[in-house]
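I have placed the structure first, in the form of structure tokens, so that the comments after it can refer back to it.
Taken together, the values in this text are just the output of simple stated rules run on the coordinates, not laboratory data. In this text the structure is predicted, and so the values were computed from the model without any measurement. All Cβ positions, glycine included, derive from the backbone under ideal geometry; neighbour counts span all protein chains shown.
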Amino acid sequence: MRPTPLQNSQILRSAIGGDLLATDDRYVRALTLRNRAAVHGDLPYYLLPPEIAVLLSCCHDLEKRTLFEFLWNTGARINEALAVRPADVEFDASPAFVTLRTLKQRLHPKVGRPATVKLKTPGQADKKTARAASPVKRTVALDDAPFATRLHDHIHTFTEHKTKPIWPVTDDTARNWLKKVLLEADRQGVRFSLERVTPHTFRHSFAMHLLFHGVAPQTLQAVMGHKDFKSTQVYLKVFSLDYAASRGSVPFSMDAGVAAEMLQLAGNSVKMVP
């Protein structure tokens with residue numbers, strides 16, 4: 001039985017639209033915050049939704065674009081995405097969701113396979129090592145219905161076996177795909193504010209996008225597959241640079257006379273000292 005997918009507040013991520021910081025000054029605030037975060041070397045580098053949409057538009061190969069959209073819509077690590085099989089995606093649920101095997105890229109896995117850990121003694125499994133080699137599964141909702149439809153069509157068109165990877169390539173191949181997309185973007189005169197965009201940039205962008213839309217840090221930890229909450233906190237540090245970027249301006253000053261009237265209306269006895 002699959003675990004229940006975590007909801008992401010029906011966040012749409014595959015196109016620039018109503019809920020993507022693109023319709024009002026939220027985008028300007030988000031851009032200001034991101035530029036401030038870029039100055040700090042210890043904070044994650046991420047793209048904003050309009051930048052992601054433009055980047056994806058520069059990818060004209062369906063297989064490659066679907067992979068990059070998958071990274072953006074799920075926050076999966078590249079090796080986690082390459083390990084996903086059709087059997088891991090549940091399209092009949094509402095919303096659809098994918099089950100990811102939480103992996104850290106410590107080794108170099110084969111095509112579409114999770115990294116494995118060698119046993120200390122041949123033929124004899126160390127329990128602690130065996131547990132480390134068994135990835136924890138997590139589920140991520142595919143809240144963007146148009147993307148879920150595209151993924152469904154892609155799987156049915158290009159994937160013959162439910163137990164084979166959707167993208168049977170190595171992580172190096174995926175990185176080369178992205179480099180070519182970035183070259184195409186550059187050819188079209190598109191410039192991104194980040195000096196370096198990698199598959200992991202989609203993961204950082206996903207995390208920040210959830211936080212911008214009010215997803216609780218504990219939920220983000222689960223969706224990202226972070227074992228330690230400290231890994232999640234690095235994204236929260238970005239918001240410490242500017243309260244206004246996430247909630248608007250936060251005033252602290254208040255006219256004393258107005259405050260006294262408010263307290264009196266609430267039934268409190270207040271006497272203003274001249």
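Close amide H pairs (under 5 Å, H built 1.01 Å from N) link Leu142 with Ala96, Phe97, Val98, residues at least 5 positions away or on another chain. Look at Val54, Val39 and count the other Cβ atoms within 10 Å of each Cβ; fewest to most, that gives Val39, Val54. Shown for Thr198, Thr163, Thr74, Thr139: other C-beta atoms within 10 Å of each C-beta, ranked fewest to most, produce the order Thr163, Thr198, Thr139, Thr74.
By how many nm would the segment from Ala222 to Thr159 lengthen if fully extended, with 0.36 nm per residue of separation less the alpha-carbon distance?
On the way: separation 63, 0.36 × 63 = 22.68 nm, distance 2.88 nm.
Difference between extended and current length: 19.8 nm.
Placing R0 at 41 angstrom, the Cβ-Cβ distance between Arg175 and Phe252 gives a FRET efficiency of 0.30 after rounding to 0.05.
Fewest-first ordering of Lys230, Lys180 by other beta carbons within 10 Å of each residue's beta carbon gives Lys230, Lys180. For the residue pairs Lys64/Lys180; Lys137/Lys227; Lys64/Lys137, the C-alpha atoms sit more than 21 angstrom apart in Lys64/Lys137.
Rounded to whole Hz and in sequence order, give me ³J(HN,Hα) for segment 200-211 from the Karplus expression 6.51 cos²θ - 1.76 cosθ + 1.60, θ = phi - 60°, writing x for Gly and Pro. Working through the residues one at a time gives 6, 4, 4, 5, 4, 5, 4, 4, 5, 5, 5, 5 Hz. Whole-Hz Karplus values for segment 212-217 come out as 4, 9, x, 5, 5, x Hz, taken residue by residue from phi with 6.51 cos²θ - 1.76 cosθ + 1.60 and θ = phi - 60°; glycine and proline positions read x. Close amide H pairs (under 5 Å, H built 1.01 Å from N) link Lys137 with Thr102, residues at least 5 positions away or on another chain.
Quickly rank 45-53, 231-239, 86-94 as a protection proxy: mean count of other C-beta atoms within 10 Å, highest first.
Numbers: 45-53: 21.1, 231-239: 16.1, 86-94: 14.4.
Most protected by this proxy first, the peptides run 45-53, 231-239, 86-94.
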